[in-house]
Amino acid sequence: MTINWTAFVVFLLLFLLATVVGFGSGRWRRGDLNLLDEWGLGGRRFGTLITWFLLGGDLYTAYTFIAVPALVFGAGAMGFFAVPYTIVVFPIMYLVMPRLWAVSKKNNYVTPADFVRGRYQSRGLALAVAVTGILATMPYIALQLVGIQAVLTVMGISGTGILHDLPLIIAFAVLAIYTYVSGLRAPALTAIVKDLLVYITIIVAIFFISSKLGGFGHIFAVANATLPAKKGALILSPKLDLAFATLAVGSAFALLLYPHVVTGTLAAKSGRTVQRNAALLPLYSIALAFIALLGYMAIAAGIHTKVTSLVVPLLFLKEFPAWFAGFAFAAIAIGALVPASIMSIAAANLFTRNIYKEYFDKNCTPKQESNVAKIVSLVVKAGAVVFVLALPLTYAINLQLLGGLWILQTMPSIMFALYTRWFHRTALLIGWLVGMVLGTGMAVAEHFKSSLYPFHLGATVLLGYAGVWAVVINILVAVVLTWVFNAMKLSNGEDETTQSDYQVRREASGS
Amino acid sequence: MNPSTTGKKGWLWLLLLPFIGVGWPGLYASMNPELLGFPKFYWYPIVWIVLTGIITWIVYSVTSGAGGTED
């Protein structure tokens, strides 16, 4: 394949722009970056608009842009679960996340594990939450690289040997350095560049590509005729109702438990800012719905590929003029950098606060704390690059599938704990362990082919999201063991938070 | 807890509507009626994205009235 120079030059210029913004962002609303609160949470000062861009960059990643249309391209209706998923996530966010923000601000919590530790005085439960968070985040970072790799491939940037990997290594090295220097301010400001590119790309795709392909009516008709041959369908079969519903609702809860989403939330300047964002973020879901439909546009455009991550890039290359394809590719690549940066910061915060400080250096100074986090953020990204380059792609995809299932197992310890301290800490820990083991077992039993698992309840077989089955059992175990441990009068630790810590306060007028 | 905050908390029930609207695909997994060439399975959830934003904004606005704190 020869290099598409027009597309590549446009791509490179926009990539440079994002890099400049990333490096410059450390100066924005300057704070002491030697404090973890400043480096890792941007000083908890982000207003409505910046939070909107940051969380938008967080929730809708490059992997989403690549994977959702790829799923729609291959399976049809089932892939559209992403839309109800990104609808129901916002009512949950509105209720839960402002409480987490309030209690974290009051008690200086930086990570969800900090909260669990304070709420239950349990190092074990906090460690479980921290380790789950790190494990779930790592493959997610690795998959962002797949997005960058896909656009580089279709632009013809594919040398041999070390030259093949070099562009990807350079892109991630640049990202690693500006995240190290600027902390969370870097993805917050590059997210603005990313969103401008993404929204323009999507609006152009909706009107330009659809009219080129004969309108949406025709696109759906072609998809309807083609999908059955791929064992897919344009309209969801009633047999898949439960699978679709559990995937949508389960993924919505899981998303809000991911460390990078918690980090993005805690960086807001108030609980009300988080609530406002729950009302404003659905705008991204409209973009996502049309991104999903790119899968059908690719069918109508006659795209054929076995590598599903190439579906969208190939569609853009075929339908857009070269310069605008470069623009769209930059949107995908920068759309990978923003979440990768936040994810590495979130993983670094977890490691530093809940593993390093807890187990290795209890008396470390704030400056040491932020230094450890900065270095860990580099290590995490280096690990992701090695992972993607050294191992087959399926490993990252399988682990990402497990990651969503795993993170959902922290729901009782984090979300329930925001409302009640009824559960016993040891019961939560055992429930978590049972959920992790069973969930992993279900995914393995299905050979990682999908997130679905046929649950046998007597004679009925319920096909649904394995993560949901696992968390239901997790909760049942936690409930029963709470009764048992309370009856045994086992200590449930001290709660360092008070009822009023959770209240979302009205903002002073004028803000 | 005073009566005014209790009354306001009632508005939070509105947040269940999106779950009822799109939680069960059996409600909208059909071809017809079509809208602008989109089968119902595709336009209906898109409409719900907009409704969810509006509902959440209403809940946000209503709870911002008098009363020192709310949750």
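Quick notes on this structure:
- With the simple model of a label 7 Å out from the Cα in the direction of the Cβ, A:Phe23 to A:Phe208 spans 3.0 nm.
- Where labels lie 7 Å past Cα in the beta-carbon direction, separation of A:Val386 and A:Val484 in nm: 4.0 nm
- Listed peptides A:480-486, A:130-136, A:16-22, A:214-220 appear in the order A:130-136, A:16-22, A:214-220, A:480-486 once ranked by packing, highest mean of other Cβ atoms within 10 Å at the front.
- For segment A:325-338, 3J(HN,Hα) computed residue by residue from phi via the Karplus equation (6.51, -1.76, 1.60; θ = phi - 60°) reads 4, x, 4, 5, 5, 5, 4, 5, 5, 5, x, 8, 5, 4 Hz, glycine and proline entered as x.
- For segment A:327-369, the residues whose amide N sits under 12 Å from a probe point set 7 Å from the Cα of A:Asp32 along the beta carbon direction are A:366-368.
- Partner shielding of A:217-226 amounts to 2, given as the average count of beta-carbon atoms from other chains within 10 Å of each residue beta-carbon.
- Using a Förster distance of 51 Å, the FRET efficiency for A:Phe416-A:Leu163 (Cβ separation, nearest 0.05): 0.50
- Degrees separating the helix A:241-257 axis from the principal Cα axis of chain A, which is the longest one: 60 degrees
- Hypothetical label at B:Leu35: residues of segment A:55-84 whose amide nitrogen lies under 15 Å (7 Å Cα-Cβ projection): A:84
- Candidate cross-link partners of A:Lys230 among the lysines, defined by an alpha-carbon separation under 20 Å and a same-chain spacing of 8 or more, comprise A:Lys239, A:Lys306, A:Lys449.
- Note on B:Ile54 and A:His218: their simple-model spin labels are 3.3 nm apart, each label 7 Å out from Cα toward Cβ.
- Sites A:Asp495 and A:Ser237 - FRET efficiency at Förster radius 56 Å, r taken between beta-carbons, to 0.05: 0.70
- Ranked for footprinting exposure by Cβ neighbours inside 10 Å, fewest first, A:Trp469, A:Trp406 give A:Trp469, A:Trp406.
- At R0 = 25 Å, FRET efficiency that the Cβ-Cβ distance of B:Leu14 and A:Ile286 yields, to 0.05: 0.75
- Other residues within the sphere of radius under 15 Å centred on the Cβ of A:Pro69, judged by their own Cβ, net out at +1 (K and R +1, D and E -1).
Just so you know, all these numbers are worked out from the coordinates, no wet-lab data involved. For clarity, every value in this text was computed on a predicted model and none was experimentally measured. Methodologically, a virtual Cβ is constructed for each residue, glycine included, from the backbone with ideal geometry; neighbour enumeration extends over all protein chains shown.
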